[in-house]
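The block underneath contains the structure these notes are about, expressed in structure tokens.
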Amino acid sequence: MNRIEAIYSFINLDDKVVDVGCDQAKLSLMLAKRNQHSIACDISINVINKAKENIKSPLVDLRVSNGLENIKTSEADILVLSGMGTYTIIEILKNTNLRFKKIITISNNYHDTLREKLNELNYKVEEELIVKENNKYYNLILFTEGNRKYSEEEILLGLNHKDMGLYNEYLNYLLKKYNDIKKSSKDKNLKIDKMINIINNKIKNIKIN
């Protein structure tokens, strides 16, 4: 399952979807195949014009939009934010008064910050899924309205993962990454040591359960 397919799996037939930063609007095309309308928008007029050349379905509403600026209230209740950094996601959400029942993200970085900051914006983690595509790992997070108290481990490594086998594989990848950083560093790094301990404990718990 690739990233687009993973996002698609979290969308219900009655959801009103807006995909911000849609690129080639592949998600909207998949939704259109099951007769579902969606909005696909991007800040780049060139991206949208190119998508219009290839997409003729009336179920795909292509728009140029800086974040959610050109999305009206009640047009969408599901927001997809993928292929961008955490701070871009946060800025998009801070610069709108729109609210969503679900937000599906695949951020390029800083997933711990994303969990914390969206909690401050009253969106809590509902589920997570690790996606492996072209030998790279991606962390999909489904947020719903509300907030919660997270443990340090949950902030750093996530919670409610759907595919525990792939999650365990991802944790082992992270463990190797941080151990390699530790080995290559001449100075003692308490943050790296702490991450290694947290990941090790999580892996042990997954094997016990």
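The values are calculated or read from the model by the stated rules, or taken from the named source; none is laboratory data. Everything quoted here is computed from the prediction, not taken from an experiment. Every residue, glycine among them, receives a Cβ derived from its backbone with ideal geometry; neighbour counts consider all protein chains shown.
Can you name the residue in region 81-104 that is within 21 Å of E133 (Cα to Cα) and touching a helix residue (DSSP H, G or I) at 6+ places or on another chain (Cβ under 6 Å) and, of all such residues, is surrounded by the fewest Cβ atoms within 10 Å (Cβ to Cβ)?
Per the criteria, the residue is T86.
Is there a residue in region 56-63 that is assigned to a strand (DSSP E or B), more than 26 Å from E145 (Cβ to Cβ) and either in contact (Cβ under 8 Å) with a residue 12 or more places away in the chain or not assigned by TED's automatic domain parsing to the domain that holds L142 (or both)?
Yes, there is a match, as at least one residue in region 56-63 is assigned to a strand (DSSP E or B), more than 26 Å from E145 (Cβ to Cβ) and either in contact (Cβ under 8 Å) with a residue 12 or more places away in the chain or not assigned by TED's automatic domain parsing to the domain that holds L142 (or both).
Pull out all pairs, ordered by first then second residue, where Cβ-Cβ is under 6 Å, the residues are six or more apart or on different chains, the first lies in region 154-177 and is touching a residue at least 40 places away in the same chain (Cβ under 8 Å) and not assigned by TED's automatic domain parsing to the domain that holds Y110, and the second is of a type in the set (F, W, Y) and not in a helix (DSSP H, G or I).
Once the first residue is touching a residue at least 40 places away in the same chain (Cβ under 8 Å) and not assigned by TED's automatic domain parsing to the domain that holds Y110 and sits in region 154-177, its partners that are of a type in the set (F, W, Y) and not in a helix (DSSP H, G or I) give Y170/Y137.
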